Amino acid sequence: MSCARQTTDGSCVDSHRHGWGYSLEDGPGTWFKLNQQYQLCKQGHHQSPINIHKDHIPSISDYQLSYQGYIHDVVDNEHTVEFDYEAGSSLILHGKEYQLKQFHFHSPSEHTVEGERYDMEIHFVHQNAKQKDLTVLAVLVKAGQENPLIQSLWTHLPQDKHKHHVFTNDHINVVDLIPDDLEAYYYHGSLTTPPCLETVSWLVLKETIEMSQKQLDYFHKFYNWNIRDLQAE
Ligand SMILES: [Zn+2]
């Protein structure tokens, strides 16, 4: 068997182990071993997700969202489905502007609140143009009513890995996925995926949204249990 890639100490790395995932083989417990650049996944001190204790984590609502309905394309990156955004939507937190880059889904939720895990968590990823730090707005989802906006998003789930669907005429206003009440738990943490960089301001919304069990089940056909385990608060 040929060696697809050698590490600096000469040992062989299986070609399918270049990436990371959520299985026993390549899941969160192994990320730090998969790549030299993933060390923070084990050694970081402000890692996410966490169980939110209402008494420990402050909440804020003095930030502003300005979203337009311009999804650029959607891609299956093997870990989740990601809807990429055109420039022009932003979040302003403490006077600093973050551009909405993309949003994606985890199921079940990555964060828990007082030990309660939800059926899904949507991450709206915003980045500051200069400093490159991130603000992630997290929306927790419970099984319940069918969600019309999710229905139209799900029609665009890529059937093949790494295949893009480019949006042309679809105008989807994702602001409808954001609850009315913007009060959120606010803490400083990390990416919940490699390289686990600790450059994320988390806003976990207190108000939840709903989608039907059927809609959750459809997502699970593509991705199931794509979450990182809870980190020490
Ligand atoms: Zn995420």
**Asked** For the subset of region 210-226 comprising residues that are crowded, with 18+ Cβ neighbours inside 10 Å and within 16 Å of the ligand (Cβ to nearest atom), which member is nearest to GLY29 (Cα to Cα)?
**Response** ASN226
**Prompt:** Within region 122-134, which residues are closer than 16 Å to HIS111 by Cβ and over 11 Å from the mean Cα position of the chain (by Cα)?
**Reply:** LEU134
**Prompt:** Within region 40-61, restricting attention to residues that are more than 11 Å from TYR186 (Cα to Cα) and surrounded by fewer than 15 Cβ atoms within 10 Å (Cβ to Cβ), which residue is farthest from the chain's Cα centre (by Cα)?
**Reply:** ASP55
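Results for (1) away from the ligand (no atom under 15 Å from the Cβ); (2) in contact (Cβ under 8 Å) with a residue 60 or more places away in the chain; (3) under 20 Å from LYS163 (Cβ atoms), shown as yes or no for each residue.
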| site | (1), (2), (3) |
| --- | --- |
| SER66 | yes, no, no |
| ASP73 | yes, yes, yes |
| GLU78 | no, yes, yes |
| GLY88 | yes, no, no |
| GLN99 | yes, no, no |
| HIS106 | no, yes, no |
| VAL125 | no, no, no |
**Message:** Can you list the strands (runs of 3 or more DSSP E) lying wholly within region 100-173 that have 1 or more residues being modelled with pLDDT under 95 and over 19 Å from ASN226 (Cβ atoms)?
**Reply:** 164-166
**Asked** Could we say that TRP225 is closer than 17 Å to PHE124 by Cβ and within 14 Å of the chain's Cα centre (by Cα) here?
**Response** no
**Prompt:** Which condition breaks for LEU230 when tested against (1) of a type in the set (A, V, I, L, M, F, W, C); (2) closer than 19 Å to GLN102 by Cβ; (3) within 16 Å of the ligand (Cβ to nearest atom)?
**Reply:** (2)
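The values are calculated or read from the model by the stated rules, or taken from the named source; none is laboratory data. Predicted model, so just to flag it, every value in this text is computed and none were measured. FYI the Cβ positions are ideal-geometry reconstructions off the backbone, even for glycines, and counts take in every protein chain you see.
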